[in-house]
Amino acid sequence: MTEFLDLLDANPYLEELLLDDAGPSLDTSDNRPPICLPHMRLLSFVTTLTERALAPRVLSHLQLPHHCSIRVHRDMDPSHVDELLPYPFPKEVHRLPSFAFVEKLSIRDDMKAFGEGSVRYSATSRHSGVSTSYRLRGSDAHNMWPDAALNGFLRSIPCSQIRVLCLNLGKIAQSFHADGWRCLFRRLTALKELYIVDMDVSNVMEGLISLFQDAKDTDVLPGLTKVCLIRPQALDVDALLSWSEERVTHDHHIDHKLTIVLDDKRSSSSLKIPECLPKNVEIHISGSTFEVVDDEAFEEPYYMTCPPFGRDLS
């Protein structure tokens, strides 16, 4: 580690750094000050089971600019749920400026990192962010890891800053149960916008709706004013419309908008959508996600999608 840090110290103009298991494996015991890398834009880690602590070990020795994006790709043990799941980032998160500006949380399937099933959690601002991809190995991985990994990720980020939540979990949506979504919404106290794309929305909406029903006398997610469901599956239209109406009735000052985008007219008829909809509800028939939803809602900062990992199309 000492030689590695000396190398970084001698190259203050570094802009991108990719580390895998061949990176430094031993920590340094000296009290050297953090190494300043003011030009760093992308810092990526690919780690297997034996080196899962590589990212926090290295990051604890660096002083990075606020525009630096950090990506961590981690291999999960398929044999059991590791109760000591190590943080993907150092506990001293205040030393990583990227954390100070996050305002959007994305949870999605990710095939880029390992070429097989992975789930990725990203917390981003307009210009930078942090993300962790977890490789889900083994037949039971989808039932074991995603929720535990999410809790580990949330311990690292300032949840009270999150304004936008984007979900795209076509393959592992059922790994997250309604109780898990309810707990997540409780932590995102400043949430304003929710986007769900191409996935089974039953557990997500059940968690959201039941959260409001359990706390009718208190404000729950008072800032949530926009919900967009893009090509949803397993949608309970009656429960959703009833919840939307209750929100508006409960708080007359709330500017709540619900948008549903369906593939075609057959999707509309199969869902038995009423002909007369509330003014705050819009239903569109479209094959394109972004005809009614801004691209920016799903975009991540450029340096989180540029090489060595390429643009994320998952």
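The values are calculated or read from the model by the stated rules, or taken from the named source; none is laboratory data. This one's a predicted model, so the numbers in the text were calculated from it and none came from an experiment. So basically every Cβ, Gly included, is an ideal-geometry build from the backbone, and we count neighbours across all protein chains shown. Surface accessibility is based on the protein's heavy atoms, side chains included, excluding ligands, DNA and RNA. Shrake-Rupley method; radii C 1.70, N 1.55, O 1.52, S 1.80 Å.
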Restricted to region 15-24 and to residues being loosely packed, with under 15 Cβ neighbours inside 10 Å and of a type in the set (A, V, I, L, M, F, W, C), the residue modelled with the highest pLDDT is LEU18
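Return yes or no: is ILE209 among the aliphatic types (A, V, I, L, M) and assigned to a strand (DSSP E or B)?
no
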Among the residues of region 289-302, is any part of a helix (DSSP H, G or I), surrounded by 12 or more Cβ atoms within 10 Å (Cβ to Cβ), under 20 Å from the mean Cα position of the chain (by Cα) and at pLDDT 65 or above?
-> yes
Please verify whether region 198-211 includes one or more residues that are within 23 Å of ALA173 (Cα to Cα), touching a residue at least 60 places away in the same chain (Cβ under 8 Å) and of a type in the set (Ser, Thr, Tyr).
-> no
Any idea how many residues of region 85-129 are at pLDDT 80 or above, among the aromatic types (Phe, Trp, Tyr) and open to solvent by less than 10 Å² (accessible area, probe 1.4 Å)?
-> 1
Name the residues in region 32-55 that are at pLDDT 90 or above, open to solvent by 10 Å² or more (accessible area, probe 1.4 Å) and assigned to a loop (DSSP other than H, G, I, E, B), would you?
-> PRO38, HIS39, ARG41
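Please verify whether ASP27 is open to solvent by 20 Å² or more (accessible area, probe 1.4 Å) and either at positive phi or at pLDDT below 75 (or both), treating the condition exactly as stated.
It is true that ASP27 is open to solvent by 20 Å² or more (accessible area, probe 1.4 Å) and either at positive phi or at pLDDT below 75 (or both).
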Can you work out which of the residues in region 151-167 that are in a strand (DSSP E or B) and out of contact with any Ser or Thr (no Cβ under 6 Å at 6 or more places or on another chain) is most open to solvent (accessible area, probe 1.4 Å)?
-> VAL164
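The rows are residues; the columns are (1) aliphatic (A, V, I, L, M); (2) touching a strand residue (DSSP E or B) at 6+ places or on another chain (Cβ under 8 Å); (3) surrounded by fewer than 18 Cβ atoms within 10 Å (Cβ to Cβ); (4) at pLDDT 90 or above.
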| site | (1), (2), (3), (4) |
| --- | --- |
| LEU169 | yes, yes, no, no |
| GLN174 | no, yes, yes, no |
| TRP181 | no, no, no, yes |
| THR189 | no, no, yes, yes |
| TYR195 | no, yes, no, yes |
| ILE209 | yes, no, no, no |
| LEU221 | yes, no, no, no |
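Answer with yes or no whether VAL58 is at pLDDT 75 or above, in a helix (DSSP H, G or I) and not aromatic (Phe, Trp, Tyr). Let's see the steps before the verdict.
Working: at pLDDT 75 or above: yes; in a helix (DSSP H, G or I): yes; not aromatic (Phe, Trp, Tyr): yes.
Answer is yes for this residue.
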Starting from residues that are part of a loop (DSSP other than H, G, I, E, B) and open to solvent by 50 Å² or more (accessible area, probe 1.4 Å), keep the ones in region 226-240 and report whichever is farthest from GLU282 (Cα to Cα).
-> ALA234
